[in-house]
Amino acid sequence: MRKVGIMGGTFDPIHIGHLILGESAWEQFSLEKVLFMPSGNPPHKKDRHGASDEQRVEMVRRAIEGNDHFELSLAEMHEQGYVYTKETLKRLRSEHPDTEYYFIMGADSVLTFHTWMCPQEICDQCVLVAAVRNQMPVQELDLQIAKLRMMYDADIRKLESPNLDISSHAIRERFLRGESIRYYVPEPVRTYIQDGNIYGIRQSS
Ligand code: ATP
Ligand code: MG
């Protein structure tokens, strides 16, 4: 079986937290590669105003450039908006029956996982990889992992990764306030945000 990771997200913008998660999962589970999969507009983020789909994709492209085991996947980018994870997995598995997918999530996603569309179907189709994230105590994550194992018979594994207190939201806020976002995102992403004033104050037209 081939082993391929999926790192899904809004990536508005992609930052070093996402990249370190992907790299840690690649290393820890001997994955062949990790797919970075920007999502369409998820229902819970509909009213946000951030980067456009094209800009989010371009930032991912720039961020993973030069890493030959990272790959951009447009599997969830649809003009009609959102695609559910269970559908994406179903499609990928039918296209690549020789591949086992490792779906990588940060602790906040692990905590809300049971509210996603058809969590059982997701668990039946992939290995879940859970990573710690900022303020959440490891014990709470461990408890949630145990719960998901019990509720869905999930194959869920914990990722050994550093606890990075960084989020796209905080980066957008920093940019808006005119603070430096250097090193929060890879340099080619930072210059792209800077040049396009992507998260800056909008000129009213
Ligand atoms: P936002 O602040 O806009 O919600 P975000 O930083 O949470 O953005 P997302 O695109 O929402 O980024 O997250 C995609 C995935 O990456 C989620 O599973 C999330 O838990 C995980 N993730 C994001 N940042 C981190 C981090 N610093 N540590 C661990 N996991 C993270
Ligand atoms: Mg988030």
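Taken along its three principal axes, the alpha carbon spread of region 101-164 comes to 29, 20, 17 Å, from the longest extent down to the shortest. For the chain, the relative contact order is 25 percent, taking Cα pairs closer than 8 Å that sit 6 or more residues apart in sequence and dividing their mean separation by the residue count. Think of it as helices only: each DSSP H run of n ≥ 4 in the chain is worth -39500 (n - 2.57), and spread over all residues that comes to -12000 deg cm²/dmol at 222 nm.
Spacing of the modelled spin labels on Thr99 and Met77, each 7 Å from Cα toward Cβ, amounts to 1.6 nm. Rolled with a 1.4 Å probe across the full set of protein chains, the surface gives Cys118 an accessible area near 40 Å². Only protein heavy atoms count here; under a 1.4 Å probe, Glu32 has an accessible surface of about 80 Å².
How much of the DSSP bridge set in the chain is antiparallel, in percent, rounded to the nearest 5? Intermediate values should be presented prior to the final figure.
Values: 1 of 26 bridges.
In the chain, approximately 5 percent of DSSP beta bridges are antiparallel ones.
Build a GNM of the chain with springs between Cα atoms under 10 Å: which of Ala170, Ala131, Ala63 gets the top mean-square fluctuation? Top of the fluctuation ranking is Ala170. If the segment from Lys158 to Glu140 were pulled out straight at 0.36 nm per residue, it would be longer than the present Cα-Cα gap by 5.2 nm. Lysine pair count for region 2-166 (Cα-Cα distance under 26 Å; residues 8 or more apart in sequence or on different chains): 17. Measuring with a 1.4 angstrom probe and ignoring ligands and nucleic acids, Tyr82 comes out at about 80 Å² accessible.
Under a 5 Å amide H cut-off, with hydrogens placed 1.01 Å from N, Ile156 pairs with Leu128 among residues at least 5 apart or on other chains. Inter-label distance, His69 to Asp108: 2.7 nm, where each label sits 7 Å from its Cα along the C-beta direction.
Computed extension length for Ser52-Gln120: 21.3 nm, one decimal, from 0.36 nm per residue of separation with the Cα-Cα distance subtracted. Rounded to the nearest 10 degrees, the inclination of helix 16-28 to the longest alpha-carbon principal axis of the chain is 30 degrees. With each label modelled as a point 7 angstrom along the Cα→C-beta vector, the Asp165-Arg177 pair spans 1.3 nm. Per-atom-type breakdown for region 51-167 gives carbon and sulfur 50% of the accessible area (1.4 Å probe, protein chains only). What would the Debye formula give as log10 I(q)/I(0) at q = 0.18, 0.19 Å⁻¹ for the alpha-carbon point model of the chain, no solvent? Computed log10 I(q)/I(0) values: -1.38, -1.52.
Accessible surface computed residue by residue for the chain, with neighbouring protein chains in place and a 1.4 Å probe, gives 52 Å² per residue.
Put simply, the amide H of Gly9, placed in the peptide plane, has neighbours under 5 Å in Met37, Ser39, leaving out anything fewer than 5 places away on its chain.
The values are calculated or read from the model by the stated rules, or taken from the named source; none is laboratory data. Since we're looking at a predicted model, the values are computed, not measured. Note that we place each Cβ from the backbone using ideal geometry, even for glycine, and neighbour counts take in every protein chain shown. Each accessible area value is taken on the protein alone, full model and side chains, heavy atoms only, with ligands, DNA and RNA left out. Shrake-Rupley method; radii C 1.70, N 1.55, O 1.52, S 1.80 Å.
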